[in-house]
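J.: Pasting a structure below so you can have a look.
The values are calculated or read from the model by the stated rules, or taken from the named source; none is laboratory data. What you see is a predicted model; the values in this text were computed from it and never measured. Cβ placement follows ideal geometry from the backbone for every residue including glycine, while neighbour counts extend to all protein chains displayed.
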Ligand SMILES: Cc1ncc(COP(=O)(O)O)c(C=O)c1O
């Protein structure tokens, strides 16, 4: 386990503060990993280790945003983006995805303005479990080619993929200086509580992130950084994890099929089913309250800008999934 791995390196853990942007060895290892995964030549100076993807996102937006700037979020999108943009005195601009939850370039074109500072791309996507097609990413690349618009690529689910046609949005950035890549050990390594992630960006952004971090949290816990190092050293174990998730995805599909009046696509990535329950209830906040009272926690679509949907995570154990979907079925029938 990560705890045991970190324990093995205990001798190298001192009690002093270390560099706010991360220990040097880890930053070098991450830079190497980025070249392997993205063929993007970066150095340790392009890396900041953060307390999860959340801090990486917040701090990189802090680095680039000025008051009144606009950031485009393809919607449905992860709930936190909107609030982080607001916390940075900027304006979240929602651009709906199409029916297949792919980028709708016309919708993005419609909302691009002089104030557009960044577009957040999260593919595979939380909550839809879908990913953006290469065709839509090529089209996006064309329309932002000559613009000073940052692409914030939240690749936290990029290793959790069930479909070979996947390409990370990071490969479609017109200019690397406008690419901000976010990742974390929370999802693919199931280490959410360890709070370790990172941002890859140009040196100026990394300097601003480092300065912010220096005056707020300081370095990420050394234990977590050493655990991250061990994970990179030992090689990615995501494949095993994906096999387990694939089984769960199948079991959930089988069970959901028996529930009338709902619709959904088979997730292509991440570990979420985004279920359309609008034929049962359009106020999904209310609907989820009923589910919660019955013992099942699903996230209402309202949280992602898509009322009429509920998000089901299949990262839970099979027995919990079976139990949970039984409750879901019962409430759907009763409604
Ligand atoms: C799309 C997305 N990005 C980022 C995060 C942040 O993860 P963490 O801060 O645990 O690394 C999450 C977690 O739910 C997420 O779903």
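J.: If I filter region 70-83 for residues that are more than 18 Å from the chain's Cα centre (by Cα), more than 14 Å from the ligand (Cβ to nearest atom) and under 20 Å from residue 170 (Cα atoms), do I get at least one hit?
T.: no
J.: While we're looking at this one, here's another question. Only one of (1) in contact (Cβ under 8 Å) with a residue 60 or more places away in the chain; (2) within 25 Å of residue 156 (Cβ to Cβ); (3) outside any helix (DSSP H, G or I) fails for residue 275. Which number is that?
T.: (1)
J.: It is to be established whether one or more residues within region 155-174 are touching a strand residue (DSSP E or B) at 6+ places or on another chain (Cβ under 7 Å) and in a strand (DSSP E or B).
T.: Yes - at least one qualifying residue is present in region 155-174.
J.: Please go through region 78-121 and give me each residue that is within 14 Å of residue 150 (Cα to Cα) and touching a residue at least 40 places away in the same chain (Cβ under 8 Å), ordered by number.
T.: Result: 112, 113, 115, 116, 117, 118, 119, 120, 121.
J.: I would also like to ask the following. Any chance region 125-143 includes a residue that's under 27 Å from residue 62 (Cβ atoms), away from the ligand (no atom under 16 Å from the Cβ), assigned to a loop (DSSP other than H, G, I, E, B) and in the same structural domain as residue 196 (by TED's automatic domain parsing)?
T.: No, that holds for no residue.
J.: Among the candidates 316, 297, which residue alone is at pLDDT 95 or above and part of a loop (DSSP other than H, G, I, E, B)?
T.: The conditions single out 297.
J.: Does at least one position in region 174-190 carry a residue that is within 14 Å of the ligand (Cβ to nearest atom), on the phi > 0 side of the Ramachandran plot and surrounded by 16 or more Cβ atoms within 10 Å (Cβ to Cβ)?
T.: No.
J.: Here's something else I'd like to know. Quick test for you: out of 227, 190, pick the one residue that is part of a helix (DSSP H, G or I), modelled with pLDDT under 95 and within 30 Å of residue 318 (Cα to Cα).
T.: 227
J.: Return the only residue of 200, 152, 161 being within 16 Å of the ligand (Cβ to nearest atom), in contact with a helix residue (DSSP H, G or I) (Cβ under 6 Å, 6 or more places away or on another chain) and assigned by TED's automatic domain parsing to the domain that holds residue 46.
T.: Exactly one residue qualifies, and that residue is 200.
Matching residues to (1) crowded, with 23+ Cβ neighbours inside 10 Å; (2) more than 16 Å from the ligand (Cβ to nearest atom); (3) within 21 Å of residue 70 (Cα to Cα):
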position	(1), (2), (3)
95	no, yes, yes
102	no, yes, no
106	no, yes, yes
119	yes, no, yes
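J.: Of the conditions (1) away from the ligand (no atom under 16 Å from the Cβ); (2) under 19 Å from the mean Cα position of the chain (by Cα); (3) part of a helix (DSSP H, G or I), residue 266 clears all except one; give me its number.
T.: Of (1) away from the ligand (no atom under 16 Å from the Cβ); (2) under 19 Å from the mean Cα position of the chain (by Cα); (3) part of a helix (DSSP H, G or I), only one is false for residue 266: (3).
J.: Another question, then. Just give me the residues in region 252-263 being assigned to a helix (DSSP H, G or I) and exposed (fewer than 13 other Cβ atoms within 10 Å of the Cβ), in sequence order.
T.: 254
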